[in-house]
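The values are calculated or read from the model by the stated rules, or taken from the named source; none is laboratory data. No experiment lies behind these values; they were computed from the predicted model shown. Cβ placement follows ideal geometry from the backbone for every residue including glycine, while neighbour counts extend to all protein chains displayed. Calculation scope for accessible area: heavy atoms of the full protein, side chains included, ligands and nucleic acids excluded. Shrake-Rupley method; radii C 1.70, N 1.55, O 1.52, S 1.80 Å.
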Amino acid sequence: LSPVLLIAAIAIRVTSSGPALFKQVRVGKAGQEFACWKFRSMHSDAEERLASLATSNEADGLLFKIRDDPRITPVGRFLRRSSIDELPQLFNVLGGSMSLVGPRPLAVADEAFQGDERRRMLVRPGITGLWQVSGRGDQSWDEAVRLDLYYVENWSLSLDIAIMLRTLLAVVRGSGAY
């Protein structure tokens, strides 16, 4: 993957100011916070612009999504659609804060998770998961939680393998990735 990582990093740096990598605090297993790495797909001032876009949120629950988010760079759109922006999370996997498969870690405080939502954190978060292969960003928060809880309660090696194979198909299709 080194050539892909290098090309992505160069494309980000050449087309927009700021670092190629983006580090964000996420909540993982047992509510532990960790630094989650991604390729930067937004302009470097995206965090500062977030508050002004709050009324444009198209998601529900703990999610924040805007289909045509003005903070995303042109290269970032490609990186997101192809899921290349997620590849630096392999370093999180190697470091033990993430797994290849599991519920997606979210950038919200531990106390924001209520009731059944907290059970998502019984396992290590993953780069991909049942939620991602079942519609990605097009799922409601309730459906995402339902899928994550199904994964937590029914984990098996065969389920992980099936999710990884379905991930390849979801990446090729690009649907729900924005």
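List of remarks:
- Over region 67-110, the pair-distance histogram of Cα-Cα distances with 10 Å bins from zero comes to 22, 43, 32, 2 percent, rounded to whole numbers.
- Overall form of region 76-170: rounded. Here a/c, set by the Cα gyration tensor axes a ≥ b ≥ c, is under 1.5.
- Dmax and Rg, reported as Rg then Dmax, of region 19-79 (C-alpha, Å): 12.8, 36
- Placing V4, V25 in order of accessible area, with the largest value first and a 1.4 Å probe, yields V25, V4.
- Heavy atoms of S2 accessible to a 1.4 Å probe, total area in Å² rounded to 10: 90
- Put simply, the amide H of G126, placed in the peptide plane, has neighbours under 5 Å in S99, G102, R104, leaving out anything fewer than 5 places away on its chain.
- Inter-label distance, nm, simple model (7 Å from Cα along the C-beta direction), V172/A59: 2.7
- Computed E for A107/I161 - FRET, C-beta separation, R0 22 angstrom, nearest 0.05: 0.20
- Under 19 Å from a label point set 7 Å out along the Cα-to-Cβ vector of Q32, the amide N atoms of region 141-173 belong to 152.
- FRET efficiency for the pair T15 and V93, taken as 1/(1 + (r/R0)^6) with r the Cβ-Cβ distance and R0 = 35 Å, rounds to 0.80.
- When the Cα positions of V4, A54, H43 are compared along the charge dipole of region 1-90, V4 comes out farthest toward the positive end, with charges on each C-beta of Lys, Arg, Asp and Glu.
- Percent breakdown of C-alpha pair distances by 5 Å bin, ordered from the shortest bin, for region 1-122: 2, 10, 19, 21, 21, 17, 8, 2, 0
- A DSSP coil position with no more than 16 other Cβ atoms inside 10 Å describes the following GluC sites (Glu not before Pro) in region 42-147: E58.
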